[in-house]
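A short worksheet on the structure shown next.
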Amino acid sequence: MNIAEIKIKPITNEQEFEEASQIIDTLIDADLIQDPIERKAALDILEAITILAYEYEKKHYSIPKPD
């Protein structure tokens, strides 16, 4: 996956959520990238997409509070 081709956008449906999950899976080891500029770019993208995915998941897959 080419980091420059990844577009950060709101997650509005299940397909976009799955795509975000794939990007997260791909970038999960971004801290191991040797080039510091590429590593920072990958980590920034990972952080942004993780936040978007978390918010989507929280809204659409909420866990009820225990009784």
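Observations on the model:
- Which listed residue, of Ile3, Ile11, is open to solvent by less than 70 Å² (accessible area, probe 1.4 Å), more than 27 Å from His60 (Cα to Cα) and of a type in the set (Val, Ile, Thr): Ile3
- In region 29-67, the residues that are open to solvent by 100 Å² or more (accessible area, probe 1.4 Å) and of a type in the set (A, V, I, L, M): Leu32, Ile37, Ile63
- Among the residues of region 41-56, those that are of a type outside the set (D, E, K, R) and closer than 17 Å to Phe17 by Cβ comprise Ile45, Leu46, Ala48, Ile49, Thr50, Ile51, Leu52, Ala53, Tyr54, Tyr56.
- Among residues of region 13-67, those that are outside any loop (DSSP other than H, G, I, E, B), farther than 20 Å from Asn2 by Cα and either charged (D, E, K, R) or in contact with a strand residue (DSSP E or B) (Cβ under 8 Å, 6 or more places away or on another chain) (or both), counted: 5
The values are calculated or read from the model by the stated rules, or taken from the named source; none is laboratory data. Remember, it's a predicted structure, so these values are computed and weren't measured experimentally. When we count neighbours, we look across all protein chains shown, and the Cβ atoms used for this are built from the backbone with ideal geometry, even at glycine. Note: areas computed on protein heavy atoms with side chains; ligands, DNA, RNA excluded. Shrake-Rupley method; radii C 1.70, N 1.55, O 1.52, S 1.80 Å.
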